[in-house]
Structures are given as C-alpha cells and as structure tokens.
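**Q** After the structure tokens below, expect a handful of questions from me.
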Amino acid sequence: MESKSNQTVCVSIIMVNYNSTQLLIEAIQSVVTHTHGISYEIIIVDNASPDNGADIIEAQFGEGVKLIRSTENRGFGAANNIGIANANGTYLFLLNPDTLLRNNAVLTFYQYCESHQQVPIGALGCILTNEEREPINSFGRFLTPARILSHALKMSRPPQFQLTDEPFTTDFITGADLFIPRRVIETIGDFDPAFFMYCEEADLQYRMAQAGFQRIIIPGPQIIHFDGGSYQQRARRSALRRYQHDRSRCLYIRKHYPLWRYLLFRVAFFVCRIPALINPHYDLRSNFKYFLFLISMK
C-alpha cells in the first residue's frame, strides 16, 4: 500500500462497515490490487457490527488499514464523519463496502481533480455498474416535495443510466463512490448526523451547490456496486428500510424548505403513503410504528 507516515497522503479511502464484512474484505482487496502510482490510506469505520467485523478486518489486514471501532451504530453519515476526522489525505474517497474497483479508479479521480484546479469541484463520481457490468443508480436530482410525492404515487419514471465518454454535472452523486477534496468539507462542513441512512449524500451535496461547488460524473473509473449488500443482505423490502427511507426524505424537506411547505408536504405524503401503511408484507407492530411516524409531523 503506497502510504507512509513520513509521506503526504494524497487520498484517504474511507469505508463504513455494518455487518458486511465479507463484502468489505473483497472491497479492500480490490483497492489494494488496482490502486498504484499514488499514496493512499484505507480507513475502516466499523459501526459496532454484530458479526465481529472489526476483529475479522484487524486479523486479516493488520496495520494495512486504519481501523476505527465505533461503540454503536451511528449511521452512515456519522460514521463517515469519524473517518473524515481521522483522515490525512488531501482528497477523501468515500467508498461503500459493497463495491469492487475494476481499475485504478482512485488515481483517475485524483488526476482529474489535479488537472482541473480551475473548476470548483465539490465531488466526483462515476457510472456504477452491477455484476453484469450494466449501468445502475449512480446520480440523481435533488429532492423536492413534488418529486417525492410523484415517486410515492408511482408517477415518476425510474432514471436510466448509461456509460459516458464525457464528464457531466449532476445534482448529487450516490454515496457509494464520492471523491471529495478535503477543502470542500472544511468549507461546508461534514455529513449531518441527523440522517441515519438515506439522503445524507444529497444533503451534503445540496450544501455544496449552495457554496458553488460542482458535482461531476467522469468517465474512466470502473466500479461495481452490489446495491443493498451492505444492508445485512436483507430482502430489499423491510420495515426498517421503509421507515428510514421515508424518515430521511421528510427530514430533507424539513431542513431545506419553509415550515409551511413542509407541513403541506407531510399531509400530502401521509395520504400518498397509506398503501404502504396497510401493506400486509409488514407485521402489525411495524405498521403501527410507521403510522406513528407518518402522523408525527417531525
């Protein structure tokens, strides 16, 4: 690993682990295999994984990674904040544990930033692919009340992702691969820990946009994302996932819109989410908890 204590670290690669240790091991190995020609460090923040992930990582990689053990699961954003606080790199590369690098993506991101110093870069990302090398969810538009309600009513079309030969700007890049100059975080602040999971990257990049920093998808890096793998390999539909997803979307609107618009949105959102509330896929207790959330207006 091309990183030494007496050498400037160009990139700090930060991964947050919660019960996805086997995937994380493969992700780390892909970084080590493909990353060369640049100094870097790997920081692992273990969110109190019940699968003894921290012990497994320590035994397998030793001093090859900087392992930070959290005493509790604080969520994705808060754990990344811990990693950022312990990072030495000029650039921060936030990488999901359920990803695999297929080429020297770290160097490609770094060289793009270094050769575009005149551009106010807030974050870089790439078009992610699945195991079949098909383009998948890689970026998106900022949330608005209308977009959330349209999605809840199934009136919006799912976005189509295609590989690109040219860089392009976007509202936000998914949190699976975020390459961020450290100075950007020093300017706008780090993740809002109020978002336990979901929407934290959109919130961070919304603040980038307000500060004039661009979010850019570039060609070159090749990264596979096993989307959802870091969520304990569960079925995609789960009560906790439903709750955290909708809670974060509401929190985002509450944070970035006037109170009156937020309250109107919550009323409309409650009506739109009634089918989810009575979905027999979830047990009665989970549906009741979700109902309390829907009427809370918090």
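**Q** Across the stretch 114-159, which residue is least open to solvent (accessible area, probe 1.4 Å) among those that are farther than 21 Å from Leu95 by Cβ and either in a strand (DSSP E or B) or in contact with a Cys (Cβ under 8 Å, 6 or more places away or on another chain) (or both)?
**A** If we take residues in the stretch 114-159 being farther than 21 Å from Leu95 by Cβ and either in a strand (DSSP E or B) or in contact with a Cys (Cβ under 8 Å, 6 or more places away or on another chain) (or both), then Ala152 is least open to solvent (accessible area, probe 1.4 Å).
**Q** Then there is this: Does the stretch 86-111 hold any residues that are in a helix (DSSP H, G or I) and either touching a strand residue (DSSP E or B) at 6+ places or on another chain (Cβ under 6 Å) or in contact (Cβ under 8 Å) with a residue 24 or more places away in the chain (or both), and which are they?
**A** Scanning the stretch 86-111 gives Ala105, Val106, Leu107, Thr108, Phe109, Tyr110.
**Q** Which numbered condition in (1) surrounded by 18 or more Cβ atoms within 10 Å (Cβ to Cβ); (2) modelled with pLDDT of 95 or more is the only one that Ala209 fails?
**A** (1)
**Q** So which residues in the stretch 61-98 are open to solvent by less than 20 Å² (accessible area, probe 1.4 Å) and of a type in the set (A, V, I, L, M)?
**A** Of everything in the stretch 61-98, those that are open to solvent by less than 20 Å² (accessible area, probe 1.4 Å) and of a type in the set (A, V, I, L, M) turn out to be Val65, Ala78, Ala79, Ile84, Ala87, Leu92, Leu94, Leu95.
**Q** For the stretch 99-110, state whether one or more residues are open to solvent by 40 Å² or more (accessible area, probe 1.4 Å) and more than 20 Å from Ile25 (Cα to Cα).
**A** Checking the stretch 99-110: at least one residue is open to solvent by 40 Å² or more (accessible area, probe 1.4 Å) and more than 20 Å from Ile25 (Cα to Cα).
**Q** Could you say which residue among Ser230, Ser286, Ser296 is in contact with a strand residue (DSSP E or B) (Cβ under 9 Å, 6 or more places away or on another chain), at pLDDT below 90 and small (Gly, Ala, Ser)?
**A** Only one candidate passes the filter, namely Ser230.
**Q** Follow-up. What do you reckon, is Val45 in a strand (DSSP E or B) and modelled with pLDDT of 95 or more?
**A** Spelling it out, Val45 is indeed in a strand (DSSP E or B) and modelled with pLDDT of 95 or more.
**Q** Asp55 fails exactly one of the following numbered conditions: (1) in a helix (DSSP H, G or I); (2) in contact (Cβ under 8 Å) with a residue 24 or more places away in the chain. What is the number of that condition?
**A** (2)
**Q** Exactly one condition in (1) open to solvent by less than 30 Å² (accessible area, probe 1.4 Å); (2) more than 18 Å from Leu92 (Cα to Cα) is not met by Asp171; state its number.
**A** Every condition holds for Asp171 apart from (1).
**Q** A follow-up question, please. When both residues are 6+ apart or on different chains and their Cβ atoms are under 8 Å apart, which pairs have a first residue that lies in the stretch 230-246 and is open to solvent by 50 Å² or more (accessible area, probe 1.4 Å), and a second that is at pLDDT 50 or above and not hydroxyl-bearing (Ser, Thr, Tyr)?
**A** Gln232/Asn19; Arg234/Gly228; Arg234/Arg241; Arg236/Gly228; Arg237/His281; Tyr243/Lys289; Tyr243/Phe293
**Q** Please count how many residues of the stretch 160-215 are assigned to a loop (DSSP other than H, G, I, E, B), in contact with a strand residue (DSSP E or B) (Cβ under 7 Å, 6 or more places away or on another chain) and over 19 Å from Ile14 (Cα atoms).
**A** 8
**Q** Out of all the residues in the stretch 174-206, which are open to solvent by 20 Å² or more (accessible area, probe 1.4 Å) and more than 28 Å from Ser30 (Cα to Cα)?
**A** Of everything in the stretch 174-206, those that are open to solvent by 20 Å² or more (accessible area, probe 1.4 Å) and more than 28 Å from Ser30 (Cα to Cα) turn out to be Glu186, Thr187, Ile188, Gly189, Asp192, Pro193, Ala194, Tyr206.
The values are calculated or read from the model by the stated rules, or taken from the named source; none is laboratory data. Everything numeric in this text was worked out from a predicted model, so none of it was measured. Neighbour counts are summed over all protein chains in view; Cβ atoms, including those assigned to glycine, are modelled from backbone coordinates with ideal geometry. Note: areas computed on protein heavy atoms with side chains; ligands, DNA, RNA excluded. Shrake-Rupley method; radii C 1.70, N 1.55, O 1.52, S 1.80 Å.
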